[in-house]
Amino acid sequence: MGTLRGRLLPPVLAIVFSALLCTVTLMVSGANPARGIAAMVTQVGEGSVAVDIVNSAAVYYLAALAVAIGFQMNLFNIGVEGQFRVAAVTAAIVGAAIDLPTGLHAVVIILVAALTGAAYAAIPALLKITRNVHEVISSIMLNAIAAGVIALLIREDMFGELRGSNIGTHEIPESGWVGGIGFGDRGTLFGLVFLVLVIGVGYWVMMNRTRFGFELRASGESPTAAAAGGVNARRMILVAMLMSGAVAGLVSMPELLGRDHTYLITSPAGYGFTGIAIALLGRNHPGGIALGALLWAFLDKSSLALDNVGVPKEIVTIMQGSIVLSVVIAYEVVRRVELRAERRRVGRELGANGDGGAGAVATASTASTASTASNEGGAS
Amino acid sequence: MTTTHPGDRAVVLAGITKRFPGVVANRDVRLTVRRGEVHALCGENGAGKSTLMKILYGMQQPDEGTIEVNGEQVRFRSPADAIAVGIGMVHQHFMLADNLTVLENVVLGAEHLHGIGGRARRRIAELGRQTGFAIDPDAVVEQLGVADRQRVEILKVLYRGARIVILDEPTAVLVPQEVEELFVSVRAMREQGYTFLFISHKLDEVRSIADSITVIRRGTTVGTADPRTVSNRQLAEMMVGSELPSPETRESTVTDRPVLELRSLTLRSADGQRDLLHDVDLVVRAGEIVGIAGVEGNGQTELVEAVVGMRRISSGQVLLSGRDLTRVGTLARREAGIGYVPEDRHRHGLLLTQPLWANRILGYQTRPPVSRRGGWLDIDGARRDTERIVREFDVRTPGIEVPAAALSGGNQQKLIIGRELSGEPSVLVASHPTRGVDVGAQALIWEQIKDARAAGLAVLLISADLDELIGLSDTIKVMLRGRLVAEADPRTVTPEELGAAMTGAGVHERGGVDDRGADDRGADNRDADNRDADNRDADNRGAEGQGTGDPGTGDPATGAGTDTGNDERGHGSVEGGER
């Protein structure tokens, strides 16, 4: 809905609710919630935690955007996980194998990652539009396949090398690195955080100012109305999945080019799933996703302090889970309340002339079924 | 009308008020129904009739007011309470399980009454005798036509012990001959002491069936009338509070310039078994409104979707001003000049949660004033043009930022008409353009379509409202089972004649309905089903054909219609189904 209140209220309610839930959980388990929260907040000021949070949030942000692009048209790209990992390993292999001037080298690696992510997402997209295979099923299976592909690619007899007890790709030469902004003891901010910002702005512009974004949102809200309006549903599915995959392909770039320079078998996984949660939390809106990503990163990073004060850090997982569940409920509740308020306002401003009677009731039920899915994030 | 003592009153509603967010659906409604009468509740679409009946049936609770049934005050929390005191409701949209038999449908949910076996069967047979409904209890509902489905709905209600039956716009889905049959049954049941509440806005029907009439306007009852003395005009004026609009177009603006041409359009069903559209040839000229009459489910929806490109045709051609559009998609067809008013505005016409200006963009996302070159939207342009539509088409809204779902049906429809007439279309494909809208919006929509026609627009009009069809059209074609089987002259044809042609039951020349191409499969046999004809095998139809004894089919001797001569398939006989 249009109002700021309608957008901000649900996540705030959800966070407050889950904080309460965690407080109760902690109290029941005998820990002191106040100390835990204090420890988490003060942790942000310690060492490199603040910078780590931002770095981590940037990665989450990309994953969540990738998911959000699909959500805009009710496509559930649960395969972001597989797409980003396959893209990461491919980009690392290509990056190590080529030799280009500084800057261009990194650009090529990033493009390879985006293209690989898109290509891997093309599989569920094509299966959906040609064979009507649901993208959730195919992309979950492709996640499992991705793990195997990666293990194969980084074998020593393929493109990998053994390092100590770990195995990974060859290191990318320095010309392919993207430097960060150093804060001394406070850590180093990934240079690609700025690319992430640009992508976020680009996403907003695309969703709200371009024909493509309009068609995407229209398809998400009502595939039938979109079709009557001349939107080619199959083409939209393909393009949306490819874009989602391309953004997913970038997920590991800040870490790969800014810190690791190699893809290891132990490189972090799970960002794709975190992205789903954050996209839900941020309601597919680029600003909302940014806040969600920061919150998530804060919870992740500062939870390390909890063990020091005798609070199990797993409480954060409970909190994250309950935030996602309650935010989904809160959005729906607020959406209904707002729609009702809106209709009441329209009715009041027009005066209660009888002609809205039965019609208003009918539209109420239609509207709520039509848009229970998450699809209004990019609006305005 | 003698004075009624309280025991004679089947239903008394007093001071009923029901508010919904933003509107008062019913305000201080008073209604008295005597036992054993057919009481009509008349009012325009959206006047609050359905809400009132939902209250009487326990589906909604009134905010104020009292309900008395058979002299006792009652309070319904759910339809079960209403059923318990003998009130039943036959909904406008049937609520039947298609894949079950008549018996199963009737018994479903009421198994405790007479079991599910022999006793239930005997009870149904008994009710069938009382009402004069001859339906095979073992027929699968899927195989039944609309009129028979309605009978099953009525049986369901009676089986549950209803003595007071609410019929919610029962004739909306029927053709005139079926309406007459329904009335015969209703009269027979009235003789046996059943009470009917008959909801309708069709004045002729109301006057022919009702013993008394209550008129409802803008949510409140404005008076009662005696059907024996009241005229249509008086009733209409009670209903709308002013003079009724008329769809009539004044003078012909038809030119000889063809705009939309369909050549042997054929659309095969998904399973490839049948033709949903068969060899449809149609020309709509500039300044001409071509109306398509037909019982719903005979290919009109498919025809519209084939024209706008939402369905791929199996063979044939779609031409717009000579340009072949057969191979291009919906967007290109819209850009070429096809405007489209879909039959279901919620499913196909609007993005309900989006603001009005975003709805202005839908279908026009590639064109000014809502779009710029290079794939950019022109949001300011869209806002400005939406303001214009709101002004010119009298869309009642507090602003263009409200979501489309917040508008009433009539205003949503005005927005759609405004949008579809904005892109300088050369042809407008309008499917049921005034379905479910209030009378004011209806008048405005008719006016706008007439103006656009006068300015040279070609219009393909599909409507179930035969008055609208006859009033607006320059030419009427009748569609039956995916074929255009007859042509009628709107200046001379009557709704009854058109209804007969729609069922293929009787086509006769005096009404100006030209039979052309009622082919061997027999337009003379009733289509057993109007809604999901897809499910059935066409070849069985001949055997299943029913309604062959329609009272209105006329004398076989009236012979074949005057063939228009452009059709070599030959004209079939018009005998009522003597196959």
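The values are calculated or read from the model by the stated rules, or taken from the named source; none is laboratory data. Just so we're clear, the structure is a prediction, and the values are computed from it rather than from any experiment. As a convention, Cβ positions derive from the backbone with ideal geometry for all residues, glycine included, and neighbour counts pool all protein chains shown. Surface accessibility is based on the protein's heavy atoms, side chains included, excluding ligands, DNA and RNA. Shrake-Rupley method; radii C 1.70, N 1.55, O 1.52, S 1.80 Å.
Among residues of region A:228-251 that are more than 23 Å from B:ARG360 (Cβ to Cβ) and within 12 Å of chain B (Cβ to nearest Cβ), those with a beta-carbon under 6 Å from a residue that is surrounded by fewer than 24 Cβ atoms within 10 Å (Cβ to Cβ) and not charged (D, E, K, R) at least six positions away or on a different chain give the pairs A:ARG234/A:ILE129. Scanning region A:206-221 for residues that are at pLDDT 90 or above, buried (at least 24 other Cβ atoms within 10 Å of the Cβ) and either touching a Lys or Arg at 6+ places or on another chain (Cβ under 7 Å) or facing chain B (nearest Cβ under 7 Å) (or both) yields A:PHE214, A:GLU215, A:ALA218.
Does any residue of region B:420-428 turn out to be touching a strand residue (DSSP E or B) at 6+ places or on another chain (Cβ under 8 Å), under 30 Å from B:MET502 (Cα atoms) and charged (D, E, K, R)? Among the residues of region B:420-428, at least one is touching a strand residue (DSSP E or B) at 6+ places or on another chain (Cβ under 8 Å), under 30 Å from B:MET502 (Cα atoms) and charged (D, E, K, R), which makes the answer yes.
Starting from residues that are within 14 Å of chain A (Cβ to nearest Cβ) and more than 20 Å from the chain's Cα centre (by Cα), keep the ones in region B:179-230 and report whichever is surrounded by the most Cβ atoms within 10 Å (Cβ to Cβ). Full working, then the answer.
If we filter region B:179-230 for residues that are within 14 Å of chain A (Cβ to nearest Cβ), which is where we start, we get B:199, B:201, B:215-222.
Checking the rest, the ones that are also more than 20 Å from the chain's Cα centre (by Cα) come to B:215-222.
Numbers: B:VAL215: 25, B:ILE216: 26, B:ARG217: 19, B:ARG218: 23, B:GLY219: 30, B:THR220: 20, B:THR221: 22, B:VAL222: 16.
Among residues in region B:179-230 that are within 14 Å of chain A (Cβ to nearest Cβ) and more than 20 Å from the chain's Cα centre (by Cα), the one surrounded by the most Cβ atoms within 10 Å (Cβ to Cβ) is B:GLY219.
If you go through region A:6-22 and keep only what is in contact with a helix residue (DSSP H, G or I) (Cβ under 8 Å, 6 or more places away or on another chain) and open to solvent by 40 Å² or more (accessible area, probe 1.4 Å), you end up with A:ARG7, A:LEU9, A:LEU13, A:ILE15, A:PHE17, A:LEU21. When the test is whether a residue is closer than 26 Å to B:ASP465 by Cα, within 9 Å of another protein chain (Cβ to nearest Cβ) and open to solvent by 10 Å² or more (accessible area, probe 1.4 Å), B:SER408 passes it.
Just wondering, is there one or more residues in region B:293-309 that are modelled with pLDDT of 90 or more, at positive phi and within 14 Å of chain A (Cβ to nearest Cβ)? Yes, that holds for at least one residue. Residues that are within 10 Å of B:GLY339 (Cα to Cα) and modelled with pLDDT of 85 or more within region B:417-427 comprise B:ILE417, B:ARG419, B:GLU420, B:LEU421, B:SER422, B:GLU424, B:PRO425, B:SER426, B:VAL427, listed in sequence order.
Taking first residues from region B:340-351 that are assigned to a helix (DSSP H, G or I) and partners that are open to solvent by 40 Å² or more (accessible area, probe 1.4 Å), the Cβ contacts under 7 Å between residues at least 6 apart in sequence or on separate chains come to B:HIS346/A:THR366.
Quick check on region B:56-68: of everything there that is touching a strand residue (DSSP E or B) at 6+ places or on another chain (Cβ under 6 Å) and open to solvent by less than 30 Å² (accessible area, probe 1.4 Å), which residue is nearest to B:GLY219 (Cα to Cα)? Walk me through how you get there before you give the answer.
Taking region B:56-68 as the starting set, the residues that turn out to be touching a strand residue (DSSP E or B) at 6+ places or on another chain (Cβ under 6 Å) are B:57, B:62-68.
When the remaining residues are screened for being open to solvent by less than 30 Å² (accessible area, probe 1.4 Å), the result is B:57, B:62, B:67.
On the way: B:TYR57: 17, B:PRO62: 13, B:ILE67: 17 Å.
Among them, the one singled out is B:PRO62.
Here B:GLY109 meets each of (1) without any contact (Cβ under 8 Å) to a residue 60 or more places away in the chain; (2) surrounded by fewer than 23 Cβ atoms within 10 Å (Cβ to Cβ); (3) part of a helix (DSSP H, G or I) with one exception, condition (3).
Within region B:366-389, the set of residues being away from every other protein chain (no Cβ under 12 Å) and either within 29 Å of the chain's Cα centre (by Cα) or in a loop (DSSP other than H, G, I, E, B) (or both) comprises B:PRO368, B:PRO369, B:ILE389.
Inspect region B:449-463 for any residue being within 10 Å of chain A (Cβ to nearest Cβ) and on the phi < 0 side of the Ramachandran plot and give the result as yes or no. Please lay out each step first, then the result.
So in region B:449-463, the residues within 10 Å of chain A (Cβ to nearest Cβ) come out as none.
The answer is no; no qualifying residue exists.
Only a single criterion out of (1) without any contact (Cβ under 8 Å) to a residue 24 or more places away in the chain; (2) open to solvent by 40 Å² or more (accessible area, probe 1.4 Å); (3) part of a loop (DSSP other than H, G, I, E, B) is not satisfied by B:PHE76, namely (2).
If you go through region B:120-137 and pick out every residue that is under 20 Å from B:ALA110 (Cα atoms) and small (Gly, Ala, Ser), you end up with 3. Applying the condition of being surrounded by fewer than 24 Cβ atoms within 10 Å (Cβ to Cβ) and modelled with pLDDT of 80 or more to region B:428-441 and asking which residue is farthest from the other protein chains (Cβ to nearest Cβ) yields B:HIS432. Scan region B:336-365 for residues that are open to solvent by 20 Å² or more (accessible area, probe 1.4 Å), within 10 Å of another protein chain (Cβ to nearest Cβ) and modelled with pLDDT of 90 or more and the total you get is 2. Quick check: is even one residue across region A:73-92 out of contact with any strand residue (DSSP E or B) (no Cβ under 9 Å at 6 or more places or on another chain) and within 14 Å of another protein chain (Cβ to nearest Cβ)? So far as region A:73-92 goes, yes, one or more of its residues are out of contact with any strand residue (DSSP E or B) (no Cβ under 9 Å at 6 or more places or on another chain) and within 14 Å of another protein chain (Cβ to nearest Cβ). Set side by side, the residues B:LEU303, B:LEU325, B:LEU282 differ, and just one is open to solvent by less than 10 Å² (accessible area, probe 1.4 Å) and touching an Asp or Glu at 6+ places or on another chain (Cβ under 8 Å), which is B:LEU282.
Restricting region A:165-197 to residues that are part of a helix (DSSP H, G or I) and open to solvent by less than 30 Å² (accessible area, probe 1.4 Å), the residue that is modelled with the lowest pLDDT is A:GLY176.
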